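For reference, the structure is listed below as structure tokens.
The values are calculated or read from the model by the stated rules, or taken from the named source; none is laboratory data. Quantities reported herein were computed from a predicted structural model and do not represent experimental measurements. Note that each Cβ is placed from the backbone with ideal geometry, even for glycine, and that neighbours are counted across all protein chains shown. These area figures cover heavy atoms from the full protein model, side chains too; ligands, DNA and RNA do not enter into them. Shrake-Rupley method; radii C 1.70, N 1.55, O 1.52, S 1.80 Å.
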Amino acid sequence: MEEFLSPRDVCRILGVSYITLWRWIREGRIRVVRSPSGRYLIPRSEIERLRGEEKRAERVRAVIYARVSSSKQREQGDLDRQVELLKKYANEMGYIIVDIITDVGSGLKEERRGLKKLLGIATNGRVDVVLITYRDRLTRFGYKYLQFFFKEHGVRIEEVLHEEKEPLEELVEDFLAIIVSFAGKIYGKRSHKVKKLVEHNKRFLKETLPINIRKLLEEKR
């Protein structure tokens, strides 16, 4: 059986003034009935309908984050492809894209300009969801820490593709970056021992990896 509410109760439930409610009635936005005593009453179903419209109107604010490890990947269009895929996904989901952030650099690098900007947007409450193709685009390590950080600020991460088929070239670059980072802490960043260690690992990789990776290592000499 349909429940009917007084205008006072409807204003309280919807959080609107009497003036707003009567305007909605005049415009036909909300249906009213007259009781036998002549009182105006609003069906409960009308309130639920208006609430549903308001909920649909509250569109999700999304930030797109895309990253590649090298300028070569950017030139090959890898970065643009990520952005276009995420834009398409956002449109299909009905999200509002409030910003598109890109980075060129290793996922191991903490001082990425784009990542810093993304963290700032999250802390300022300007976004509801961060869209990435794969979690490794956001970071190579410590993904759960970032996930926790965003969650604490009311932001969720949506990984659109879920399973990443990583280019071997990028894994090689990150492997060498780890060596440089740890060796630099042990010997000092400018030590010849760091350079020697990197060159040793490059030779090892050249002997064990496919020809396309060997070419990449030659380019980095």
Q) Carbon and sulfur: what percent of the stretch 1-125's accessible surface (1.4 Å probe)? A) 49 percent
Q. How many Å² of accessible area per residue for the stretch 106-147, probe 1.4 Å?
A. 54 Å²
Q. What is the set of long-range amide H partners of L5 at a cut-off below 5 Å, with H atoms built 1.01 Å from backbone N?
A. I42, R44
Q: State whether the stretch 39-137 is rounded, prolate or oblate according to the following rule on the C-alpha gyration tensor (a ≥ b ≥ c being the square roots of its eigenvalues): a/c under 1.5 gives rounded; otherwise a/b larger than b/c gives prolate, and the remaining case gives oblate.
A: prolate
Q.
Using each residue's phi in the stretch 135-149, evaluate 6.51 cos²θ - 1.76 cosθ + 1.60 at θ = phi - 60° and report the 3J(HN,Hα) Karplus result to the nearest Hz, with x for Gly and Pro.
A. 5, 5, 5, 7, 6, 6, 10, x, 4, 5, 5, 5, 4, 5, 4
Q | Long-range amide H partners of R61 with built H, under 5 Å | A | I96, D128, V129
Q: Starting at the first residue of the stretch 11-28, write each ³J(HN,Hα) from the Karplus equation 6.51 cos²θ - 1.76 cosθ + 1.60 with θ = phi - 60°, in whole Hz, x for Gly and Pro.
A: 4, 5, 5, 8, x, 10, 7, 4, 4, 5, 4, 5, 5, 4, 5, 5, 7, x
Q.
What are the ³J(HN,Hα) couplings of the stretch 69-76, residue after residue, when phi is run through the Karplus curve with 6.51, -1.76, 1.60 and θ = phi - 60°? Round to Hz, x for glycine and proline.
A. 7, 9, 5, 4, 5, 5, 5, 7
**Q.** Shape category assigned to the stretch 10-83 from the gyration tensor of Cα positions, a/c cut at 1.5
**A.** prolate
Q. Ranked highest first by average number of other Cβ atoms within 10 Å, how do 107-118, 24-35, 64-75 line up?
A. 64-75, 107-118, 24-35
